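Here is the structure we will look at, set down as structure tokens.
The values are calculated or read from the model by the stated rules, or taken from the named source; none is laboratory data. Being a predicted model, the structure only gives us computed values, none of them experimental. Cβ placement follows ideal geometry from the backbone for every residue including glycine, while neighbour counts extend to all protein chains displayed. We work out accessible area using only protein heavy atoms, side chains counted, and drop any ligands, DNA or RNA first. Shrake-Rupley method; radii C 1.70, N 1.55, O 1.52, S 1.80 Å.
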Amino acid sequence: MIKLAISGAAGRMGRAIIREMDQSGDMKVAAALEHKSCRVIGQDAGLVAGRDSMGVPISANISGMAFDVMIDFSNPEAVSEHLEICKLVNAAIVIGTTGLNESQNQQITEAARHIPVLFAANTSVGINLCVSLVEMAGKVIGDVTDIEIIESHHRHKVDAPSGTALLWGEAAASALGKDLSSCGVFSREGHTGERKPGSIGFSTIRGGDIAGEHTVMFIGDGERIEITHRVTDRKIFAQGAIRAAHWLSTQQKGLFNMQDALDLGRVFGEAEITLPYVGANR
Ligand code: NAD
């Protein structure tokens, strides 16, 4: 039996993961972690998520609780804390939290020398399939087209561009043999001049309850290819995170991504693991 600790258990993603858990399978929620100021501390994690009682109270302190894999959808500061906890108890960690800074990225890399760490800016299977499709398109037509990425999310999202948009941008940049930090254009305003050849542009839309939409355009003279992914239910992220945790529980220490967990390298060829590029606009 694989024991999971859900961090951010009362959040949108934490609750979605708890709802999607099949407690009768070979994994179960053993701990539910929240910030100490959370209003539902002490309440049953299952009931808070809108399902049956699980007998797991939401707690602000995980010390003394046994778990094999933590799934973290909380916030960047909490990720730092949780990496240390997982190292201490030799547990694996799936990190879905986005908006990490460079020092938090380094902390992930360091922790992966001791424990299995899977970082996924997007845990949806479909999104990760698209990463491979973007990389493939980039290799075939990236040098003769202009690459633009548009992402739309709900009004509560606090980071931009989304971790997924950056992930797609990195896939396109790596297909061109470039680094996103040198070719990404994250804002345009005023007299920008003509589009710089080989750049990858990002546009962000925020509003309402959009769960997440991403389009990458390969814009040529006379044709345009678009790869689009639309989320209609955030349970896809939860299902992907649970699948990732199951896979990660079988791994030794190291840094992994969803491409590994889904074995997409076998279909599309191995890609180098990159942590999210931290844009100058953060
Ligand atoms: P949310 O604000 O609804 O939930 C976050 C929860 O974390 C809150 O309940 C908060 O109280 C809790 N939290 C804060 N500090 C904590 C701590 N120290 N310990 C434990 N819990 C703590 O946000 P959300 O929509 O669930 O998203 C959470 C994160 O996941 C964001 O960074 C978001 O961008 C990211 N996200 C990633 C994916 C993906 O596929 N990787 C999908 C959706 C959201």
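In table form, for the structure just shown:
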quantity	calculated
Accessible area in square angstrom per residue, the stretch 194-266, 1.4 angstrom probe	55 Å²
Angle in degrees between helix 102-111 and the longest Cα principal axis of the chain, rounded to the nearest 10	50 degrees
Value of relative contact order over the chain, rounded to a whole percent, pairs C-alpha under 8 Å and six or more apart	20 percent
Calculated [θ] (222 nm, deg cm²/dmol) that DSSP helices of n ≥ 4 give over the chain, each run adding -39,500 (n - 2.57)	-9500 deg cm²/dmol
Length-normalised contact order of the stretch 133-207 in % [C-alpha pairs under 8 Å, at least 6 apart]	46 percent
The stretch 184-260 - Debye-derived log10 I(q)/I(0), Cα point model, q = 0.14, 0.18, 0.26 Å⁻¹	-0.79, -0.99, -1.24
Cα-based convex hull volume of the stretch 2-84 per residue, rounded to whole Å³	83 Å³
Counting all C-alpha pairs of the stretch 128-232, share separated by more than 22 Å (%)	28 percent
For the stretch 230-243, 3J(HN,Hα) per residue [Karplus equation, 6.51 cos²θ - 1.76 cosθ + 1.60, θ = phi - 60°, Hz, x = Gly/Pro]	10, 8, 10, 8, 6, 5, 5, 5, 5, 4, x, 5, 5, 4
Longest to shortest principal axis, alpha-carbon extents of the stretch 154-206, angstrom	34, 29, 12
Percent accessible area from carbon and sulfur atoms, the stretch 80-137, protein chains only, probe 1.4 Å	57 percent
D (Stokes-Einstein, µm²/s), Kirkwood Cα radius, the stretch 1-47, 0.692 mPa s at 37 °C	302 µm²/s
Overall Cα dimensions of the stretch 80-182 - principal axes, largest extent first, Å	50, 33, 27
Over 21 Å (Cα to Cα) - which of 36/235; 3/253; 36/253; 157/235; 139/196 fall in this group	36/235; 36/253
Equivalent ellipsoid semi-axes - Cα gyration tensor, the chain, angstrom	34, 19, 17
Those trypsin sites (Lys or Arg not before Pro) in the stretch 22-129 that DSSP places in a loop and that have at most 13 other beta carbons within 10 Å	36, 39, 113
